[in-house]
Amino acid sequence: MQSRRRQSGHHRSGLTIIEVIVATAIFLGALGVIIQIMNLGDSARVSATLDAEAALRCESVMGEIVSGVRTMVPVSQEPFEDSDRWKATVFVEDGGGDSLMKITVITEHSEGDAIPNSSFRLVRYMRDPQLFVDAAMTSGTDE
């Protein structure tokens, strides 16, 4: 009798096809989520790199204007010397005070003619440099 019970009993030694399909589906779902997270991380890394470079390029242009290396004139979408993908725009406006100028520099990165995928804006108020030139000229003629 005991041999008969063993033959009719449900003794399993492997996995059913349903268990294999469910395990494969769970594995593929988890793999898809992991790939999406990796793509999101890579996109965030590229965006952060472009944002940091936009800030540095913007500060560089502003530094050139403040130091007098670059003239304080409006410029629209001027490409940088080292890359056509980066462009600088400069706005020069009245700052609201006596000989005060408002300088706005915007740097943008774009692939071709597409919408910029990174940009940075920097605003600074400074005295009109012409004021110092005029003062130096008048003091030089007084002697």
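The values are calculated or read from the model by the stated rules, or taken from the named source; none is laboratory data. This structure is a prediction, so every number in the text was calculated from the model and none was measured. We place every Cβ from the backbone using ideal geometry, glycine too, and count neighbours over all the protein chains shown.
Of the residues making up segment 68-79, at least one is surrounded by fewer than 12 Cβ atoms within 10 Å (Cβ to Cβ), hydroxyl-bearing (Ser, Thr, Tyr), free of Cβ contacts under 8 Å to residues at least 60 places away in the same chain and part of a loop (DSSP other than H, G, I, E, B). Taken as a whole, the condition of being touching a residue at least 40 places away in the same chain (Cβ under 8 Å) and assigned to a helix (DSSP H, G or I) does not apply to residue 64. For segment 106-143, a residue qualifies if it is among the aromatic types (Phe, Trp, Tyr) and either at pLDDT 85 or above or assigned to a strand (DSSP E or B) (or both), and the qualifying residues are 120, 125.
Looking at 98, 42, which is the one that is more than 20 Å from residue 129 (Cβ to Cβ), of a type outside the set (A, V, I, L, M, F, W, C) and either out of contact with any helix residue (DSSP H, G or I) (no Cβ under 6 Å at 6 or more places or on another chain) or surrounded by fewer than 16 Cβ atoms within 10 Å (Cβ to Cβ) (or both)?
Details: 98 fails: more than 20 Å from residue 129 (Cβ to Cβ).
Answer to the selection: 42.
When every residue of segment 113-132 is checked against the conditions, none turns out to be acidic (Asp, Glu), touching a residue at least 40 places away in the same chain (Cβ under 8 Å), under 30 Å from residue 43 (Cβ atoms) and out of contact with any helix residue (DSSP H, G or I) (no Cβ under 7 Å at 6 or more places or on another chain).
Go over the candidates 12, 85, 6 one by one and state the one that is assigned to a helix (DSSP H, G or I) and either at pLDDT below 90 or in contact with a strand residue (DSSP E or B) (Cβ under 8 Å, 6 or more places away or on another chain) (or both). Before you say what the answer is, go through the steps one by one.
On the way: 12 fails: assigned to a helix (DSSP H, G or I); 85 fails: assigned to a helix (DSSP H, G or I).
From the options 12, 85, 6, the qualifying one is 6.
Do we find a residue being outside any helix (DSSP H, G or I) and free of Cβ contacts under 8 Å to residues at least 40 places away in the same chain anywhere in segment 32-52?
First, the residues of segment 32-52 that are outside any helix (DSSP H, G or I): none.
No, that holds for no residue.
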